[in-house]
1. Taking a probe of 1.4 angstrom, what is the accessible area of residue 48 in Å², to the nearest 10?
2. Under the Karplus relation 6.51 cos²θ - 1.76 cosθ + 1.60, θ = phi - 60°, what is the ordered set of whole-Hz ³J(HN,Hα) values for segment 61-74, x standing for Gly and Pro?
3. Quote the accessible area belonging to residue 163 in square angstrom, nearest 10, computed with a 1.4 Å probe and with ligands, DNA and RNA left uncounted.
4. In deg cm²/dmol, rounded to 500, what helix-only [θ] at 222 nm does the chain give when every DSSP H run of at least 4 residues adds -39500 (n - 2.57) and the total is split over its residues?
5. Rank 20, 168, 78 by how far each Cα sits towards the positive end of the charge dipole of the chain (+1 on Lys, Arg Cβ; -1 on Asp, Glu Cβ) and give me just the farthest.
6. Probe of 1.4 angstrom, ligands and nucleic acids ignored: what's the accessible area per residue over the chain, in square angstrom?
7. Could you work out how far helix 154-174 tilts from the main Cα principal axis of the chain, as a 0 to 90 degree angle to the nearest 10?
8. Can you give the accessible area of residue 167 in Å² (nearest 10), computed on protein heavy atoms with a 1.4 Å probe?
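The values are calculated or read from the model by the stated rules, or taken from the named source; none is laboratory data. Remember, predicted model here, so these are calculated numbers, not experimental data. Because the Cβ atoms are built from the backbone with ideal geometry, glycine has one as well, and the counts that use them run over all protein chains shown. With ligands, DNA and RNA removed, areas are computed over all heavy atoms of the protein, side chains included. Shrake-Rupley method; radii C 1.70, N 1.55, O 1.52, S 1.80 Å.
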Amino acid sequence: MTAESTAASHPGVRSRSQHQRRRRIVQAAAALASRGGVEAMQMRTVAERAGVALGTLYRYFPSKMDLVVAVVSEEMDTLEGSLERRPPRSATAAGRAVEVLMRATRGLMREPELADALIRSLLLSDVKTDFGNRMTGMLARVTGTDADAGEGGESRILLRSLSSVWVMEMIEMLRGHTTNEEIQARLEIAAARLLADF
């Protein structure tokens with residue numbers, strides 16, 4: 001029995017191999033971006049590095065921006081996993097929110113080229129991404145406001161505003177205009193004001 005016929009007769013095998021292939025593609029793209037930014041994420045190079053045909057890559061990701069969004073999503077998955085393993089311990093909602101944002105900062109800044117590529121792409125891309133909603137959701141969980149799940153809820157708007165402040169701080173850091181300590185100090189002030197009633 002060939003691998004193809006095994007996959008055809010066992011859909012779980014096919015989906016597992018598809019998942020692994022997709023993961024290899026995303027990891028290859030992230031590795032390239034971490035060394036040379038979005039410009040280094042040439043589709044042909046990503047396909048070669050991931051060990052897949054170019055047509056296969058385009059089947060999973062129709063454009064480079066779709067691939068960038070997948071890399072962003074993978075980074076968000078990593079952050080969420082980290083929060084589940086080690087939840088923030090601050091006594092206040094604002095403190096826990098800042099812990100999450102600073103953990104995200106440290107995670108992204110381990111690979112500054114990748115961070116720059118991802119944030120630049122998020123700002124310039126017309127590809128829809130759920131980055132803002134996911135970050136807001138993480139902040140809602142750690143601040144105990146998950147019950148206010150509606151997008152128009154006041155607490156969600158305040159948390160979204162705090163995550164927007166963080167994105168702007170990340171841009172300043174990537175430009176070399178600020179430090180971790182300065183970002184944390186400003187986020188603490190913003191969080192204390194925005195989340196005062198949490």
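1. 130 Å²
2. Values, residue by residue: 9, x, 9, 4, 5, 5, 5, 4, 4, 5, 5, 4, 4, 5 Hz.
3. 10 Å²
4. Working: 10 runs with 149 residues, N = 198.
After summing the helix terms and dividing by the residues of the chain, the value is -24500 deg cm²/dmol.
5. Farthest along the dipole direction, towards plus: 20.
6. Details: 10870 Å² over 198 residues.
On a per-residue basis, 55 Å².
7. With both axes taken from Cα atoms, the answer is about 70 degrees.
8. 30 Å²
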